[in-house]
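Asker: Take this structure first; my questions come after.
The values are calculated or read from the model by the stated rules, or taken from the named source; none is laboratory data. Predicted model, so just to flag it, every value in this text is computed and none were measured. In this analysis, Cβ positions are derived from the backbone assuming ideal geometry, glycine residues included, and neighbour counts consider all displayed protein chains. All accessible areas refer to the heavy atoms of the entire protein, side chains included, with ligands and DNA or RNA removed. Shrake-Rupley method; radii C 1.70, N 1.55, O 1.52, S 1.80 Å.
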Amino acid sequence: MRRLRLSAQQIIAMIYVAAMFMTIMDVTIVYVALPAIARSFDVSPAATDGVVVGYLVSLAVWIPASGWVGDRFGTKRTFLVAISLFTFASALCGLSQSVLELVLFRVLQGAGGGMLTPVGMAMLFRAYPPAQRARLARLLVIPTVMAPALGPLIGGALVDNLSWRWVFFVNLPIGLAALVFSALALTEHRERAGERFDLPGFILAAAGFGLFLYALSEAATLGWNSPVIDLTAAAGAAVIATLVWVELHADQPMIDFRLLRNRLFGVANLASLFASGGFLGLLFIAPIWLQTGRGLSAFVSGSSTAPEALGVLVSSQLVGRIYPRIGPRRLISGGLIGVSIATCVLAVLLDGNLWLFRGVMFFVGVGWAYVVISMNAGLFAQISPRDTGRATALYNAQRQIASAIGVATLSTIIGTQAGPAGLAGNVTVFRIAFFAAAGFTLVGAMIALAIHDRDAASTMRRVPAPTAAVPAASG
């Protein structure tokens, strides 16, 4: 019998997929457990907000720093520390004896998760040359779409049959397996080993992103009229503006905003900001409508949104094959237009037949596959291996902000428009939110039209596979 031999590329891809699945699922699985956590510690549901917000703010602090940390100390060492921290913190979360302990351990977990995804992505894109990234992108959709779909289902089953603590303990076998495999299989890689730490950039990024994401996360609960929200949002925006100015004038910036001057990388990130905000916002409000608006169970709600993941998996097989011939511009913009149309149809069908709702969710996933496959294949086409760590950190920070903006916007619409009747059966308010999500993705589609396919030529079939990525443009 022939022994199965895995290439270095395949090993890195497998490790990254496992780690990414774990971290993405952790976000959605915790939402299901919040009511049980509140009952367990005998507190109000609002008192558990810190379990989510603490994690998101910690991500906002560590994602921007992950590029420098990986370049300075090596991607393998950083990845091992990140996955160890995430796994250990997951165990501590499951053992928590109070809400305060749980929030603190979630902050620790966010530090590991904040470094895990960008550093793993940097390893992956350094391992795969541009010409192979369309094929790679088909693999990356597995954790991206399956984890959010399975999170509510697994979380509901664990909470109902075991305990809320198991939504954290479930990370342990995945994390330990990925840790052992990574330690044995990965090789070390360093870039810019002699660069000093950009302390002003780190402080400004931590403060700015932390304050801004806190405001977005809590706005739906406290309201935009709250002085706390207004002050933290304004302060966060001001600090982020200062951060951009400081980093653009720094010789060795921790967050290299100059990479956005590259037309492909800059336009694609802007399109992704609106696309991710609308799509992730849709995935956030759909279960709320199904459970609160229609009174369905968590399991039925999860099974009604899960067809989106199936749509991505089915469609991605086609997109990965046609991308080299068509290029990112038409695929991304066309996919986002399809997502926008399907979201509008969902808004019309909210109180209709549930199987029709599931069918349209499937087509949301079909359209999103065109976006995510093309984005992952072409986004880093002109980013050099030297700049890949900083670029993946910047991209993941953008997606984190996009998610918060989308969720905050749609949550605010639901909270302010619900009125005295509440959310149960309130079709009108949810229709407005669904149409708003469609507006986000439609704006992303219009921005994506500014992408030039020739900028991503190295990722397309008509160009021979290069041995290294093309250096990023300087202006």
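Asker: Sort 398-407, 257-266 for me by packing, meaning the mean count of neighbouring Cβ atoms within 10 Å per residue, highest on top.
Answerer: Output ranking for 398-407, 257-266: 398-407, 257-266.
Asker: Continuing with the same structure: Please label the shape of region 308-349 as rounded, prolate or oblate, based on the square roots a ≥ b ≥ c of the eigenvalues of the alpha-carbon gyration tensor (a/c under 1.5 means rounded; beyond that, a/b larger than b/c means prolate, else oblate).
Answerer: Oblate, since a/c reaches 1.5 and b/c is not below a/b.
Asker: Dipole magnitude of the chain about its Cα centre, charges +1 at Lys/Arg Cβ and -1 at Asp/Glu Cβ only, in debye to the nearest 20?
Answerer: For this selection, approximately 1820 debye.
Asker: Per residue of the chain, what 222 nm ellipticity follows from adding -39500 (n - 2.57) for every DSSP H run with n ≥ 4, rounded to the nearest 500?
Answerer: After summing the helix terms and dividing by the residues of the chain, the value is -26000 deg cm²/dmol.
Asker: A follow-up question, please. Where the accessible area of the chain is counted over protein heavy atoms with a 1.4 Å probe, how much of it, in %, is carbon and sulfur?
Answerer: Answer for the chain is 67 percent, counting heavy atoms of protein chains only.
Asker: For region 313-453, treating each Cα as an identical point scatterer without solvent, what Debye log10 I(q)/I(0) comes out at q = 0.21 1/Å?
Answerer: At q = 0.21 Å⁻¹ the computed log10 ratios are -1.31.
Asker: Here is a further query. Where does region 154-307 land on Rg/Rh, using Cα atoms and the Kirkwood Rh?
Answerer: When Rh is taken as the Kirkwood radius, the ratio is 1.06.
Asker: With the other protein chains left in place, how much accessible area per residue, in square angstrom, belongs to the chain at a 1.4 angstrom probe?
Answerer: Accessible area per residue, the chain: 40 Å².
Asker: Sticking with this structure for a sec: Decide, for the chain, between rounded, prolate and oblate: order the square roots of the alpha carbon gyration tensor eigenvalues as a ≥ b ≥ c, take rounded if a/c falls under 1.5, and otherwise choose prolate if a/b is larger than b/c, else oblate.
Answerer: rounded
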